[in-house]
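Below: one structure, written as structure tokens.
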Amino acid sequence: MSILDFIRPKWKNSSEKVRLEAIDTLQDLKIINKIALTDPSYTVRSKAVEKVTDQATLAEIAQHDRSLSVREKAISLLRYEKVLTKIALTAKNPTLRSAATRKLSDAVVLMKILRKEQDGNIRGLIIAKISDQKHLAYIAMNDPYEESRRMAVYKLTDQDALAELAINGPSEITQREAVNQITDAGVLDYIAQNSSIGSTKQAVDVQLKRLEYSNSCALCGKTLLSRQEMLEMCHQNGIMIAWAAKPQMEIGMKNVTGWRDIYRELGIESPEKAALLNSFYKDWGRQECTSCASIWCNRCIDGGLERAFGDNATPCSCHESVSKQLEEFAKTDDDFALDDDEEEYEE
């Protein structure tokens, strides 16, 4: 303890603990800004940032503080879109780029970031935030990464854009996933007549049969959500899941993959959102039978995400999962496995 501490204000005390306590009682915003900018302890600066309201001060901290956690907290409070865009485009640390991207909503800005961004988690976050059909169609047709194209296809509803992807998409995986999103039988017939890809034609046959199914669970009778409806309901409630081959979501400082892991981690951060996710998951019609034309909800199949092991029920004796059927003929495609560079990137 310094002898000067007896005459200094508490926010200048040599003790970090005293300075932290002083922040709770401080009302002078200029002093709070000064602490957030200059205190030698990142713990003190972080606490002070929580009380900063001046956007210029937050912008300075978000871009230049020497602590990653302090910069991230400042970004979370920042409203200057130009500064957030700059951080999203230029910050070397992906945690900071991700924090800035989460604050942005303009589709044109997000597309600009997507074209430059190489981190798979941030790319997934961006696509989860985009709803404009033209932008999604562009990503699905032109993005260099299969995983990103698939995420975009899952959010597309424009039947013309899906038909174009089904016939002229950049890979057979993209073409099949586009077929799986089409709900117009006439469009599917057109694709079958104009596509030269065998697996795409097979996907059309499966999708036509799928359209004949009831949208109610064969066991409990509840009206089911489609995959796309479930994804949109998640996004509308702030559950920003990116869904390609597997669902993934950035929670806190981690990228979490898989429904049950997302549910568990989300439950720690936001029990309300975890409960919503579980309700959407239960109403999703994930399993289908191509023999008896039955479809079942996850409530009946595995009981929901709160079940630790997710034991699957066998709903009918003739059950054959459409997803498994698609996986089998997908294994014969040359583009089913990503090349080495893309595979390393996606992981």
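Here are the numbers:
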read-out: Matching option when the condition is farther than 24 Å from residue 19 by Cα, out of contact with any helix residue (DSSP H, G or I) (no Cβ under 6 Å at 6 or more places or on another chain), surrounded by fewer than 21 Cβ atoms within 10 Å (Cβ to Cβ) and free of Cβ contacts under 8 Å to residues at least 24 places away in the same chain, among 38, 90; value: 90
read-out: The lone exception for residue 297 - which of (1) surrounded by 21 or more Cβ atoms within 10 Å (Cβ to Cβ); (2) modelled with pLDDT under 85 it fails; value: (2)
read-out: Every residue from segment 260-294 that is under 14 Å from residue 225 (Cβ atoms) and crowded, with 17+ Cβ neighbours inside 10 Å; value: 276, 277, 278, 280, 281, 282, 283, 284, 285, 286, 287, 288
read-out: Helices (runs of 4 or more DSSP H) (entirely within segment 244-302) containing at least 2 residues that are more than 19 Å from the chain's Cα centre (by Cα); value: 298-301
read-out: Residue tally, condition part of a helix (DSSP H, G or I) and among the polar types (S, T, N, Q), over segment 18-35; value: 2
read-out: Set 308, 330: member being modelled with pLDDT under 90, under 30 Å from residue 198 (Cα atoms) and hydrophobic (A, V, I, L, M, F, W, C); value: 330
read-out: Residue in segment 202-215 that is farthest from the chain's Cα centre (by Cα), counting only those that are outside any loop (DSSP other than H, G, I, E, B) and crowded, with 16+ Cβ neighbours inside 10 Å; value: 202
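Rundown of residues vs (1) farther than 16 Å from residue 226 by Cβ; (2) within 22 Å of the chain's Cα centre (by Cα); (3) crowded, with 21+ Cβ neighbours inside 10 Å, yes/no style:
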{"position": "144", "(1), (2), (3)": "yes, yes, no"}
{"position": "148", "(1), (2), (3)": "yes, yes, yes"}
{"position": "159", "(1), (2), (3)": "no, no, no"}
{"position": "177", "(1), (2), (3)": "no, yes, yes"}
{"position": "190", "(1), (2), (3)": "yes, no, no"}
{"position": "193", "(1), (2), (3)": "yes, no, no"}
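The values are calculated or read from the model by the stated rules, or taken from the named source; none is laboratory data. From a predicted model like this one, the values you see are computed outputs, not experimental measurements. Positions of Cβ are generated from backbone atoms using ideal geometry, with glycine treated the same way; all protein chains shown enter the neighbour counts.
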